[in-house]
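So the structure is just underneath, and the comments pick up after that.
The values are calculated or read from the model by the stated rules, or taken from the named source; none is laboratory data. The shown structure was predicted, so the numbers you read here are calculated from the model rather than taken from an experiment. Heads up, the Cβs are rebuilt from the backbone with ideal geometry, glycines too, and the neighbour counts pull from every protein chain shown. Keep in mind that these areas ignore ligands, DNA and RNA; they rest on the heavy atoms of the full protein, side chains included. Shrake-Rupley method; radii C 1.70, N 1.55, O 1.52, S 1.80 Å.
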Amino acid sequence: MKRFWIMWSGLVLVLALAGYWVHDSLRAMGISRTVVEQSAGPTRRLQVPGLEGVEDISVDPVSGVAYLSATDRRAQMAGKPPNGAIFRYDLRDPGAVPRRISNEADTFAPHGLSLWHSPAGELELYVIDHGQGRQRVRRYRVGEQVLEPVQTYDSPLFVSPNDVAVVGPGRFYVSNDHFFVAQPWRTLEEFLRLPIGQLVYVNQGQARVVRGGFAFANGVAWHPGRQELFVAALSANEVHAYRVGADGSLAERARFDAGSAVDNIEIGTDGYLWIGAHPKPLQFVGHAKDASTLSPSQVLRMDPQTGAVSVVYQNLGQEISGASVGAQWQGRLLIGSVFEPFVIDIRLDVKAAVPAGAPPHSP
């Protein structure tokens, strides 16, 4: 009889855990989430040759110049060169269009990127590159006309790098969105939403894992005003906030529910987190397989102290599908996506805009 009750209790526990996993997965995948069109202001589409799949955007808060990471992922999935490039776009110039400033081979496949102002006043750009099946971080000195290569970082710990956040000269964090590389384990990791993604810290070329436990570690952003690091866990719909130690170690301060599948995180000139998100991630999977399948897009604005979140922009996918980044600078918002051959530039309505010169928000 005792053995019977042990087996019965075990079965009940397994069923309870399975029920919780199904319920949590349906929530994370947005099955019951309603997407309502929401404009943020007058919109301009920016489309120039080579501007494919602008998955990440970083804006220099001082100059108002945006740097766009472009990779033709559909060509890459078809076994063709991705023809990746970095583009420069001046938000202060009313007549500006994105202009290519990188000079890499057609195998260049940039992903996440991060800007850094050196103590000498030079601007540097760090870029994840998946070109030729390799996983590395490229470091550039930024000029007005071209990027000057400085250094390339390689590490066996760069398993599946997604984004990068620079915290000092030669010091940065890289998010690994997957733990496994080989199939079928990689697919199983995605399906079960396993929290095994990692964060790698690199200091002068020396890399080490400093944090794990992320369900698809995605965007990572350094908030200079708060001296904190923020990490997006896409499959958990969460943003993690960390205090950073002198040795690069991380102490979790908070974990925020974003209510959507969060992608890249940018720090706006208002001091808030601006996050590209996928409210219907299953539709994004369909969009990745077929360009004609639309995937709703969101841009969220999150208070870095409390995690309070508001939807600034929302679209069913007709205007832009699969948005992965929303980068705010004063009264402007740039939105890029994983696959689309354009970005959109929005002049924010008064309710969403931040007055020019407004101090960073540090609640």
Query raised in the report: Which whole-number percentage describes the relative contact order of segment 140-262, with Cα contacts under 8 Å and a sequence gap of 6 or more?
Result: 17
Report summary line: Given backbone amide H placed at 1.01 Å from N, residues whose amide H is under 5 Å from that of D56, ignoring those fewer than 5 places away on the same chain, are S69
Query - Simple label model, 7 Å out from Cα along Cβ direction - A291 to V181, nm - result: 3.0
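Could you size up the charge dipole of segment 221-312 around its Cα centre, putting +1 on the beta carbon of Lys and Arg and -1 on that of Asp and Glu, and report it in debye to the nearest 20? Mind showing how you got there, number by number?
Working: 7 positive and 10 negative charges, 22 e Å.
In total the dipole reaches around 100 debye.
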Requested in this report: Using only the Cα atoms of segment 119-220, each taken as one equal point scatterer with no solvent, compute I(q) by the Debye sum, divide by I(0), and report log10 of the ratio at q = 0.11, 0.14, 0.24, 0.25 Å⁻¹.
Outcome: -0.36, -0.55, -1.27, -1.34
**Report entry** Furthest towards positive pole of dipole, P304, G326, V150, structure part the chain, Cβ charges
**Finding:** P304
Report summary line: Taking placed amide H atoms and a strict 5 Å upper bound, the residues 5 or more places from A254 or on another chain that come that close are A241
Query - With Cα atoms, 0 to 90° folded angle of helix 2-28 axis to the chain main axis - result: 20
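Rounded to the nearest 500, what is the chain's calculated 222 nm mean residue ellipticity when only DSSP H runs of at least 4 contribute -39500 (n - 2.57) each, over all residues? Show your work: numbers first, answer last.
Working: 4 runs with 48 residues, N = 363.
After summing the helix terms and dividing by residue count, I get -4000 deg cm²/dmol.
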Query raised in the report: Around Y242, what is the net charge, scoring Lys/Arg as +1 and Asp/Glu as -1 over all other residues with Cβ under 12 Å from its Cβ?
Result: +3
**Report entry** the chain, dipole about Cα centre (Lys/Arg Cβ +1, Asp/Glu Cβ -1), debye to the nearest 20
**Finding:** 740
Query raised in the report: Along segment 79-95, what does the Karplus equation 6.51 cos²θ - 1.76 cosθ + 1.60 (θ = phi - 60°) give for ³J(HN,Hα), rounded to whole Hz, x for Gly and Pro?
Result: x, 9, x, x, 6, x, 7, 9, 10, 10, 9, 8, 6, 7, 9, x, x
Report summary line: Karplus ³J(HN,Hα) for segment 234-244 (6.51 cos²θ - 1.76 cosθ + 1.60, θ = phi - 60°; Hz, whole; x = Gly/Pro) runs 4, 6, 9, 6, 10, 10, 9, 10, 10, 8, 10
Requested in this report: Give the carbon-plus-sulfur fraction of the accessible surface of the chain in %, rounded to a whole number; probe 1.4 Å, heavy atoms of protein chains only.
Outcome: 58
Query - Debye intensity ratio in log₁₀ form over the Cα atoms of segment 253-310, taken at each q of 0.12, 0.22, 0.25, 0.26 Å⁻¹ - result: -0.33, -0.82, -0.95, -1.00
Query raised in the report: Name the residues of segment 176-207 whose amide N is less than 19 Å from a point 7 angstrom out from the Cα of D247 along the C-beta direction?
Result: 199-207
Query raised in the report: Counting only Cα, what are the radius of gyration and maximum Cα-Cα distance Dmax of segment 41-182, in Å?
Result: 15.0, 47
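Where nothing but the Cβ of Lys and Arg (+1) and of Asp and Glu (-1) is charged, how large is the charge dipole of segment 77-123 around its Cα centre, in debye to the nearest 20? Each step should come with its number before you reach the end.
Values: 5 positive and 5 negative charges, 27 e Å.
The dipole magnitude comes to about 140 debye.
If Rh is defined by the Kirkwood formula over all Cα pairs and Rg also comes from Cα, what ratio Rg/Rh do you get for segment 192-335? Kindly include the intermediate steps, with their values, before the conclusion.
Numbers: Rg = 15.4 Å, Rh = 15.6 Å.
Computed over Cα atoms, the ratio is 0.99.
Which peptide among 241-251, 108-118 comes first, and what is the full order, when sorted by highest mean count of other Cβ atoms within 10 Å?
Working: 241-251: 14.5, 108-118: 22.2.
The most tightly packed comes first, giving 108-118, 241-251.
Given an 8 Å cut-off on Cα distances and at least 6 residues of separation, report the relative contact order of the chain as a percent.
Details: 973 pairs, mean separation 57.6, N = 363.
Relative contact order comes out at 16 percent.
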Query raised in the report: How many angstrom lie between the C-alpha centres of segment 156-195 and segment 313-343?
Result: 23
Query raised in the report: For segment 268-332, what relative contact order do you get, as a whole percent, if you take Cα pairs closer than 8 Å and at least 6 residues apart?
Result: 40
Query raised in the report: Where Rh is the Kirkwood radius over the Cα pairs of segment 89-163, the temperature 37 °C and the viscosity 0.692 mPa s, what D in µm²/s does Stokes-Einstein return?
Result: 241
**Report entry** Longest DSSP-loop-exposure-free segment, GluC sites (Glu not before Pro), the chain, at most 15 other Cβ within 10 Å
**Finding:** 145-363
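Report the calculated FRET efficiency for D93 and V150 (r = Cβ-Cβ distance, R0 = 35 Å), to the nearest 0.05.
On the way: r = 27 Å, r/R0 = 0.77.
Here the calculated transfer efficiency is 0.85.
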Query raised in the report: Tell me, what HN-Hα J-couplings in whole Hz come from the Karplus equation 6.51 cos²θ - 1.76 cosθ + 1.60 at θ = phi - 60° for each residue of segment 106-117, using x for Gly and Pro?
Result: 5, 8, 4, 9, x, 10, x, 9, 8, 9, 8, 8
Query raised in the report: On average, how much accessible surface per residue is there in the chain, in Å², for a 1.4 Å probe, leaving out ligands, DNA and RNA?
Result: 44
Requested in this report: Quick one: divide the alpha-carbon radius of gyration of the chain by 2.2 N^0.38 Å and tell me what you get.
Outcome: 0.98
